[in-house]
1. Given the options 96, 29, 149, state which has the largest fluctuation in a GNM of the chain using a 10 Å cut-off (strictly under) for Cα springs.
2. If you find the alpha carbon centre of the range 231-287 and of the range 43-106, how far apart are they in angstrom?
3. State the extension gain, in nm to one decimal, for the chain segment bounded by residue 41 and residue 197, taking 0.36 nm per residue of separation less the distance between their alpha-carbons.
4. Roughly what angle does helix 204-213 make with the longest principal axis of the chain, taking Cα atoms, 0 to 90 degrees, to the nearest 10?
5. Mind pulling the angle between the C-alpha long axis of helix 148-162 and the longest principal axis of the chain? Nearest 10 degrees, somewhere in 0 to 90.
6. Between residue 31 and residue 276, what length in nm is gained on full extension when 0.36 nm per residue of separation is reduced by their alpha carbon distance?
7. Compute the acute angle (0 to 90°) between the alpha-carbon long axis of helix 233-244 and the principal axis of greatest extent of the alpha-carbon atoms of the chain; round to the nearest 10°.
8. Efficiency by 1/(1 + (r/R0)^6): what FRET value for residue 100 and residue 155, r their Cβ-Cβ distance, R0 = 25 Å, to the nearest 0.05?
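Just so you know, all these numbers are worked out from the coordinates, no wet-lab data involved. Being a predicted model, the structure only gives us computed values, none of them experimental. Note that we place each Cβ from the backbone using ideal geometry, even for glycine, and neighbour counts take in every protein chain shown.
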């Protein structure tokens with residue numbers, strides 16, 4: 001993520017702490033904060049007063065969310081986001097932070113009322129067909145890789161927050177609303193995918209997703225997916241766009257890349273992971289992985305090494 005020269009100057013001129021140095025910018029019913037850490041540290045606390053969207057810019061954090069099975073923590077890298085609901089507390093390690101290579105992240109804070117307003121609008125406009133889903137934000141921490149589209153939106157928001165554009169308030173408000181929609185869409189997608197694991201034959205759409213999930217390493221046979229869904233090809237593409245925001249082919253590739261990242265986090269070799277998740281060409285896998293995660297597989301592997 002690129003930060004504007006104005007933002008960089010303000011960060012440097014206002015540096016008062018080597019750990020989680022904070023520079024904030026106000027928007028309508030929202031606040032952007034940029035945090036720089038210049039020295040390695042562990043168990044640094046972070047509390048959310050409002051809903052907090054956090055995006056990684058550079059470096060690595062290890063997040064401790066307070067769960068019993070989370071003693072080692074979760075690695076948090078660029079192109080990843082997490083969301084904290086009001087009243088939540090996390091503790092953060094900064095294993096790689098240095099004065100010449102700070103660990104940097106941004107947060108965008110917005111009130112619960114804004115999310116409730118947007119969730120109501122989404123309820124009126126669209127539904128997840130197989131779920132009784134009201135689009136309300138569920139109060140738990142979401143940790144996810146964010147897409148190139150979301151990355152571009154975050155970069156745009158940084159520019160809007162930090163520059164004196166004549167239409168700043170309107171444009172920041174629209175950008176924050178778009179970010180909330182993406183958050184709620186991601187939550188809805190997770191609910192749908194979890195439902196597919198629990199009830200793989202609940203509907204044609206669920207059956208199609210389950211078929212893809214259980215055949216990730218196989219070449220895509222769209223006719224077979226249509227057969228499992230009991231849908232025509234055109235109907236299948238419409239439903240995938242409506243429910244998941246992508247085509248079956250895009251969903252399959254995203255799922256393969258996420259599985260690859262999971263395997264790399266376990267320390268498996270890049271070449272082994274490539275063929276294991278269904279790619280037949282190592283260079284093609286590396287290009288796709290880099291585009292999706294913002295770094296090549298080998299770098300992702302080394303970044304996730306806690307040692």
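1. Maximum among the listed residues: 149.
2. Computed from Cα coordinates, the inter-centre distance equals 27 Å.
3. On the way: separation 156, 0.36 × 156 = 56.16 nm, distance 3.88 nm.
Gain on stretching residue 41 to residue 197: 52.3 nm.
4. Around 70 degrees separate the two axes.
5. The answer is roughly 20 degrees.
6. Details: separation 245, 0.36 × 245 = 88.20 nm, distance 4.30 nm.
Gain on stretching residue 31 to residue 276: 83.9 nm.
7. 30 degrees
8. On the way: r = 23 Å, r/R0 = 0.93.
Efficiency at R0 = 25 Å is approximately 0.60.
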